[in-house]
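Heads up: the structure comes next, in structure tokens.
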Amino acid sequence: MAAAAALRRVADVEIDDDGVFKYVLLRVCPRAAGASEPGKEVVRGHGWAEYHADIYDRAAAELEPQGFDCECLGGGRISHQRQEKKIHVYGYSVGFGRANHSVTTQKLKAKYPDYEITWADEGY
């Protein structure tokens, strides 16, 4: 149960407040021996990142000391227009491949319920 409680404390979404930036979809799982918790997907997206791997590396560095393993499921880009309350998810990561944008969109809709959130596989 402790692993499940710890996993719930990991934010599902951490993205920049505005702009166009790279993002990664991660699977985060408890590392504890005998942990039966299946883990969950989380979204991380930031404009400071030159590469998708930069976002993954920082997220892993933050989560692994807390007892979690991280796996990158893919990446893409997010266009976050805070004033218009719109988010568009698209594109892919050269290094990690295309994330499942529908999963990313579900996570974003839970965090931003009053936004118009769309996705497309086209674009880079």
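Below is a table of values for the structure above.
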| quantity | calculated |
| --- | --- |
| The chain: most fluctuating residue of 94, 24, 43 per GNM, C-alpha cutoff 10 Å | 94 |
| Length-normalised contact order for the chain - Cα pairs under 8 Å, 6+ apart - percent | 25 percent |
| Tilt relative to the chain, helix 52-63 - C-alpha long axis, 0 to 90 degrees, to 10 | 30 degrees |
| Calculated Rg and Dmax of the chain using C-alpha coordinates, Å | 14.3, 46 |
| The chain: angle of helix 101-111 to the longest principal axis, Cα-based, in degrees nearest 10 | 80 degrees |
| Mean accessible surface per residue for segment 1-89, computed with a 1.4 Å probe while every protein chain stays in place, in Å² | 52 Å² |
| Virtual spin-label span in nm between residue 8 and residue 20, 7 Å along Cα→Cβ | 4.0 nm |
| Sorted largest first, extent of segment 74-124 alpha carbons per principal axis (Å) | 32, 18, 13 |
| Under 13 Å between alpha carbons - lysine pairs in the chain that sit 8 or more apart or on different chains | 5 |
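The values are calculated or read from the model by the stated rules, or taken from the named source; none is laboratory data. This one's a predicted model, so the numbers in the text were calculated from it and none came from an experiment. Cβ sites come from the backbone with ideal geometry, for glycine too, and all protein chains shown count toward neighbours. Ligands, DNA and RNA are stripped out before the accessible areas are found, and what is left, the full protein with its side chains, is counted by its heavy atoms. Shrake-Rupley method; radii C 1.70, N 1.55, O 1.52, S 1.80 Å.
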